[in-house]
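Engineer: Submitted below is the structure of interest, expressed as structure tokens.
Here, each number is a calculation from the coordinates, and none is a lab measurement. Owing to the predicted nature of the structure, the values given are computational and were not obtained by experimental measurement. Heads up, the Cβs are rebuilt from the backbone with ideal geometry, glycines too, and the neighbour counts pull from every protein chain shown.
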């Protein structure tokens, strides 16, 4: 690990000011990815701006048909939240599938999205639940946020402050887990908003999260497992690594989507 300066701002305002001053600095959320990259010298920020004690970056608010979750809210807090369980139970259940107990108690929503690991779970939820990523500068619709491998629409120094999720009529998330890391080889989140409006978000299969529009169309016409069972996803552009081939991931998208619909109907 290379040497760096550590900062612990007391407010979002102070953190943003430091972000502007330290052009080679990085915001530190839960540290589940950044610290490991620093240990391997894959990342070498000049400064770490720790967001861990900033109170206005934590918390969950449910109002109307939306749930707003502050960026530094831990995965375990989302999983345990009564508001989330009531408004979007499938989101609480998804949060409880992230990593292991240690990761869930340290990892944060904002940190996960800003890092945009291709195998993370939250991108599928953000896309399926038609979420809005709120930053210190603007509001970014889910469909415009994920750009590529570890790449997002965030500009240098821009800070995620919260994410607003739309509550569906019903939904479910299913993933095929790497048995060691518990990352998603493929994760599929299905959300039915009623009136033929279905969104399907996919994690783990490609360089970043994406929507499966063919399945959305089929499920909008008929929300049933058999509507997607015969859909064959093309493997072009899907991830290829020691864990799974593009063809296998393509097959898993259909399998996980079918399972998610089955569970959503229960």
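Engineer: Using the reciprocal of the averaged 1/r over all distinct C-alpha pairs, how large is the Kirkwood radius of segment 74-130 in Å?
Structural biologist: Result for segment 74-130, one decimal place: 11.3 Å.
Engineer: I've got another one for you. Could you tell me whether segment 122-168 comes out rounded, prolate or oblate from its Cα gyration tensor? Rule is a ≥ b ≥ c as square roots of the eigenvalues, rounded for a/c under 1.5, then prolate if a/b exceeds b/c, otherwise oblate.
Structural biologist: Oblate, because a/c is 1.5 or more while a/b does not exceed b/c.
Engineer: So what's the back-of-envelope 222 nm ellipticity for the chain, counting only DSSP H runs of four-plus at -39500 (n - 2.57) apiece and dividing by all residues, rounded to 500?
Structural biologist: When only DSSP H runs of four or more count, the value is -9000 deg cm²/dmol.
Engineer: While we're on this one: For semi-axes √(5λ) of the Cα gyration tensor in Å, several values are listed as [x] 31, 21, 15; [y] 36, 18, 16; [z] 26, 21, 18; flag the one computed from this structure.
Structural biologist: [x]
Engineer: For segment 170-264, what is one quarter of the convex hull surface built on the Cα atoms, given in nm²?
Structural biologist: 5.5
Engineer: Projected area of segment 168-214, taken from the Cα convex hull and averaged over every viewing direction, in nm²?
Structural biologist: Computing the convex hull of the Cα atoms and averaging its projections yields 3.5 nm².
Engineer: Which of rounded, prolate, oblate describes segment 116-215, given a ≥ b ≥ c as roots of the alpha-carbon gyration tensor eigenvalues and a/c under 1.5 marking rounded, otherwise prolate only if a/b is larger than b/c?
Structural biologist: Oblate.
Engineer: Give me the base-10 log of I(q)/I(0) for segment 225-266 at each q in 0.32 Å⁻¹, Debye formula, one uniform scatterer per Cα, rounded to two decimals.
Structural biologist: -1.02
Engineer: Normalised by the number of residues in segment 5-50, what is the relative contact order in percent for Cα pairs under 8 Å and 6+ residues apart?
Structural biologist: Worked out over segment 5-50, it gives 57 percent.
Engineer: Post the alpha-carbon centroid distance, segment 205-239 to segment 118-152, in whole angstrom.
Structural biologist: 19
Engineer: Sort 97-110, 187-200 for me by packing, meaning the mean count of neighbouring Cβ atoms within 10 Å per residue, highest on top.
Structural biologist: 187-200, 97-110
Engineer: Sort 201-207, 145-151, 253-259 for me by packing, meaning the mean count of neighbouring Cβ atoms within 10 Å per residue, highest on top.
Structural biologist: Sorting 201-207, 145-151, 253-259 by mean packing, highest first, produces 201-207, 253-259, 145-151.
Engineer: Output the direction-averaged projected area (hull surface divided by four) of the convex hull of the alpha-carbon atoms of segment 5-50, in nm².
Structural biologist: Directional mean of the projected Cα hull area for segment 5-50 stands at 3.0 nm².
Engineer: For a test of the definition: using alpha carbon positions, the gyration tensor, and the 1.5 limit on a/c, classify segment 17-167 as rounded, prolate or oblate.
Structural biologist: prolate
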